[in-house]
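The values are calculated or read from the model by the stated rules, or taken from the named source; none is laboratory data. Owing to the predicted nature of the structure, the values given are computational and were not obtained by experimental measurement. Cβ atoms come from the backbone with ideal geometry, glycine included; neighbour counts cover every protein chain shown.
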2 protein chains.
Amino acid sequence: MHNHPEADADEKLDWAISRSRALGLRRTKALDALLRVLIEAKNPLSLADLADSNGLRDRCDRATVYRLVTRLDEKGIIRRIGLHERSSYYVFLFPGEHHDYLICTDCGKIDPVDLDCPVAELEEEVMRKSGYKQIYHELEFFGQCPDCIG
Amino acid sequence: MHNHPEADADEKLDWAISRSRALGLRRTKALDALLRVLIEAKNPLSLADLADSNGLRDRCDRATVYRLVTRLDEKGIIRRIGLHERSSYYVFLFPGEHHDYLICTDCGKIDPVDLDCPVAELEEEVMRKSGYKQIYHELEFFGQCPDCIG
DNA sequence: GTACCTGCAAAACCTTTGCAGCATC
DNA sequence: GATGCTGCAAAGGTTTTGCAGGTAC
């Protein structure tokens, strides 16, 4: 589940690019750069995070980043998640990977949390009971991080 | 868990008001109205939802609503949750109650989902492993609702 | 050559804050 | 009477869109 070390990054990037191509997106510098940043990120990134990242700053406009994440989200290559801040966050969606997050209510720090998420099994139940399709879930824990205690 | 019928609304309101008072808030018309709307709501409400609700529209300014939800959230009487839209949503926090939500990725409809949430037990584990305190969680399911399928 | 992308700039949207007057305790 | 709340209005920050030009296919 959480056993994809750095080494996979290039592999993921290749996969993401060909998938993007297959879904009708053009391969532009901005696309490459954005996918790379997102794949190498350890945490979800906001639009601002992305636009200001080393990989994208000076390489493309905020509006382009915005339109890219929107398209990639629509295609299901990345996912927009909530996380409480005013802005949206984006994560790369690699099949079979899922992360839950732990967020400090005081300083806003975001940490991925490693656990055998018991919710995956519930998705089917929810699907059956509700009639919804294409179900996925988001799980976040909120609390006061060690640095902010006391 | 999910056995608090409408009848409890008045009881909850009384409780919420005295708790607000105890925590140092003044009892104003706006406070009463806001708590009532939130307690009677079946779904989480955004700032706009609240301000435009029958209970609050014409009764108080948006800024007042904003400041009220902020205070109530700080006091732990209501809770701000994410839910994906650009705006924050608020729910009344009654001790012992917890809701997870099912949100349509197409039309944005929000439904509370009834299930024995298995995440509560994980909170302790997360707390132990991470050193975070005051942990709570949010769980949302996303999918395409029956009306939006096809 | 065409359809799609990008940059720049402006428009839209909410949220957030300052301040003077009013209500609660 | 003092403190905290409220309204109004303005400021802040992101997100979103229009349009002309450039680029991938």
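Output the residues belonging to the stretch A:86-103 that are in a loop (DSSP other than H, G, I, E, B) and more than 16 Å from DNA strand D (Cβ to nearest atom). Break it down into steps so the answer makes sense when it comes.
Residues of the stretch A:86-103 in a loop (DSSP other than H, G, I, E, B): A:86-88, A:93-99.
Within the stretch A:86-103, A:L93, A:F94, A:P95, A:G96, A:E97, A:H98, A:H99 qualify.
Let me confirm something: among A:R62, A:R86, which residue is among the basic types (K, R), within 13 Å of DNA strand C (Cβ to nearest atom) and within 9 Å of chain B (Cβ to nearest Cβ)? Steps first, please.
Values: A:R62 fails: within 9 Å of chain B (Cβ to nearest Cβ).
Being among the basic types (K, R), within 13 Å of DNA strand C (Cβ to nearest atom) and within 9 Å of chain B (Cβ to nearest Cβ) holds for just one of A:R62, A:R86, which is A:R86.
Picking from B:G108, B:G76, which residue would you name as being surrounded by fewer than 19 Cβ atoms within 10 Å (Cβ to Cβ), within 16 Å of DNA strand D (Cβ to nearest atom) and closer than 27 Å to A:S130 by Cα? Full working, then the answer.
Working: B:G76 fails: closer than 27 Å to A:S130 by Cα.
From the options B:G108, B:G76, the qualifying one is B:G108.
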Out of all the residues in the stretch A:68-83, which are more than 9 Å from every other protein chain (Cβ to nearest Cβ) and in contact (Cβ under 8 Å) with a residue 12 or more places away in the chain? A:L68, A:V69, A:R71, A:L72, A:D73, A:K75, A:G76, A:I77, A:I78, A:R79
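With the structure loaded, tell me whether B:V91 is within 7 Å of chain A (Cβ to nearest Cβ) and buried (at least 19 other Cβ atoms within 10 Å of the Cβ) or whether it fails that test.
no
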Please verify whether B:A16 is modelled with pLDDT of 90 or more, touching a Leu at 6+ places or on another chain (Cβ under 6 Å), away from every other protein chain (no Cβ under 14 Å) and more than 10 Å from DNA strand D (Cβ to nearest atom), treating the condition exactly as stated. yes
Among the residues in the stretch B:122-138, are any part of a strand (DSSP E or B) and touching a residue at least 60 places away in the same chain (Cβ under 8 Å)? no
Within the stretch B:24-50, count every residue that is exposed (fewer than 15 other Cβ atoms within 10 Å of the Cβ), within 12 Å of DNA strand C (Cβ to nearest atom) and not small (G, A, S). 4
Considering (1) within 16 Å of DNA strand D (Cβ to nearest atom); (2) over 22 Å from A:I103 (Cβ atoms), say which one B:Q144 fails and leave the rest. (1)
If A:I17 meets every condition in (1) away from DNA strand C (no atom under 15 Å from the Cβ); (2) free of Cβ contacts under 8 Å to residues at least 40 places away in the same chain; (3) surrounded by 16 or more Cβ atoms within 10 Å (Cβ to Cβ) apart from one, which number is that one? (1)
Restricting attention to the stretch B:113-150, and to residues there that are under 15 Å from A:E125 (Cβ atoms) and more than 7 Å from chain A (Cβ to nearest Cβ), which single residue is farthest from the chain's Cα centre (by Cα)? B:D116
Quick one: B:D106 ticks every box in (1) in a loop (DSSP other than H, G, I, E, B); (2) out of contact with any strand residue (DSSP E or B) (no Cβ under 6 Å at 6 or more places or on another chain); (3) not hydrophobic (A, V, I, L, M, F, W, C) except a single one, so which number is it? (2)
